[in-house]
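The values are calculated or read from the model by the stated rules, or taken from the named source; none is laboratory data. Bear in mind that the values here come from a model prediction, so they are computed numbers and not experimental data. Cβ sites come from the backbone with ideal geometry, for glycine too, and all protein chains shown count toward neighbours. Please note that ligands, DNA and RNA were not included when accessible areas were found on the heavy atoms of the full protein model with its side chains. Shrake-Rupley method; radii C 1.70, N 1.55, O 1.52, S 1.80 Å.
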Amino acid sequence: MEIVYADPRIVVAVKPAGVLSTDEPGGMPQLLRQELGTPCIRTVHRLDAAVSGLMVYARSVKAASLLSEQIRSRTFGKEYLAVVHGVPEGGVMTDLLGRDPVRRRTYVAAEPGKDVRPAELSYEVLGSREGLSLVRIRLCTGRTHQIRVQFASRKHPLWGDGKYGSRAKGAIALQSARLQFFHPVSGEKMEFALAMPAGEPWDYFI
């Protein structure tokens with residue numbers, strides 16, 4: 001368990017790929033309770049099980065409420081790094097996303113409807129090589145599989161994401177790379193960042 005920062009109200013840790021971010025057996029909250037010897041670890045944002053990177057957890061009910069309010073008011077910043085197929089142009093992606101609970105897949109919907117919600121992100125291309133591109137993504141909304149689906153729907157699936165169209169074999173090339181928020185007690189601006197992962201396909205962009 002890689003803990004980046006901890007105090008009596010919050011803990012920032014790196015979630016490994018393959019570990020659930022939510023409070024289920026074997027998930028990050030359970031692992032953090034064991035690591036820190038504390039009974040209260042509350043989830044305030046999510047990260048796909050297959051994706052690694054930074055997450056912040058609350059260590060009190062009040063801290064969880066205040067962090068959740070920052071997410072709702074969009075003062076909580078999340079940045080991701082991803083490697084995608086092709087060479088996208090950069091800019092803003094805005095879609096309506098629905099969720100198929102049977103197939104457990106998210107999809108771009110043509111029009112509003114039940115359980116269809118707006119999704120928005122902005123991104124920039126940091127480099128392109130060998131038919132792949134390294135992109136930095138800023139989420140405006142937090143829908144299930146949002147980044148994966150929005151890029152795949154434009155024929156730029158994430159490397160390794162076989163669920164949404166990639167034929168590359170390996171872990172999904174998506175990392176929660178940076179968090180920015182205000183401490184729920186002190187109000188201090190907090191910022192945490194990770195280095196780009198090693199290994200294929202990230203090594204193409206070192």
Worksheet item: For the range 29-115, which GluC sites (Glu not before Pro) are both in a DSSP coil and crowded by at most 16 other Cβ atoms within 10 Å?
Response: E89
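About the Cα centre, and with charges only on the beta carbon of Lys, Arg (+1) and Asp, Glu (-1), how big is the dipole of the chain? Nearest 20 debye, please.
Numbers: 28 positive and 21 negative charges, 101 e Å.
In debye, rounded to 20, the chain gives about 480.
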Practice prompt. State the percentage of accessible surface on the range 60-194 attributable to carbon and sulfur atoms; use a 1.4 Å probe and exclude ligands, DNA and RNA.
Written response: 48
Worksheet item: Taking Cα pairs under 8 Å and at least six residues apart, what relative contact order does the range 103-150 come out at, in percent?
Response: 39
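Scan the range 125-203 for GluC sites (Glu not before Pro) in coil per DSSP, keeping those whose Cβ has at most 13 other Cβ atoms within 10 Å, and list them by number. Mind showing how you got there, number by number?
Values: sites: E130, E188, E191; in loops: E130, E188.
Loop-located and lightly packed - E130, E188.
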Worksheet item: What is the extension gain from R33 to R154, computed as 0.36 nm multiplied by their sequence separation minus the C-alpha to C-alpha distance, in nm to one decimal?
Response: 39.5 nm
Response to the item:
The distance between the Cα centres of the range 89-105 and the range 116-130, in whole Å, is 12
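Report the extension gain between S128 and E111 in nm, rounded to one decimal, defined as 0.36 nm multiplied by the number of residues separating them, less their alpha carbon distance.
Numbers: separation 17, 0.36 × 17 = 6.12 nm, distance 3.32 nm.
Gain on extension, S128 to E111, equals 2.8 nm.
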Discussion item. At 7 Å along Cα-to-Cβ for each site, give me the label-to-label distance between K169 and T144 in nm.
Written reply: 2.9
Worksheet item: How large is the accessible surface per residue of the chain, computed with a 1.4 Å probe and reported in Å² as a whole number?
Response: 51
Response to the item:
Here the net charge surrounding F182, from other residues whose Cβ is less than 11 Å away from its Cβ (Lys, Arg +1; Asp, Glu -1), is -2
Worksheet item: What's the center-to-center distance, using Cα atoms, between the range 8-87 and the range 145-206 in Å?
Response: 14
Worksheet, complete the sentence: Taking Cα atoms, the helix 61-72 axis meets the longest principal axis of the chain at an angle in degrees (rounded to 10) of 30
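Tell me the trypsin sites (Lys or Arg not before Pro) within the range 76-106 that lie in a loop according to DSSP and have at most 12 other beta-carbon atoms within 10 Å.
Working: sites: K78, R99, R103, R104, R105; in loops: R103, R104.
Passing both the DSSP loop test and the Cβ count: R103, R104.
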Response to the item:
The relative contact order of the range 62-206, taking Cα pairs under 8 Å that sit 6 or more residues apart, comes to a percentage of 27
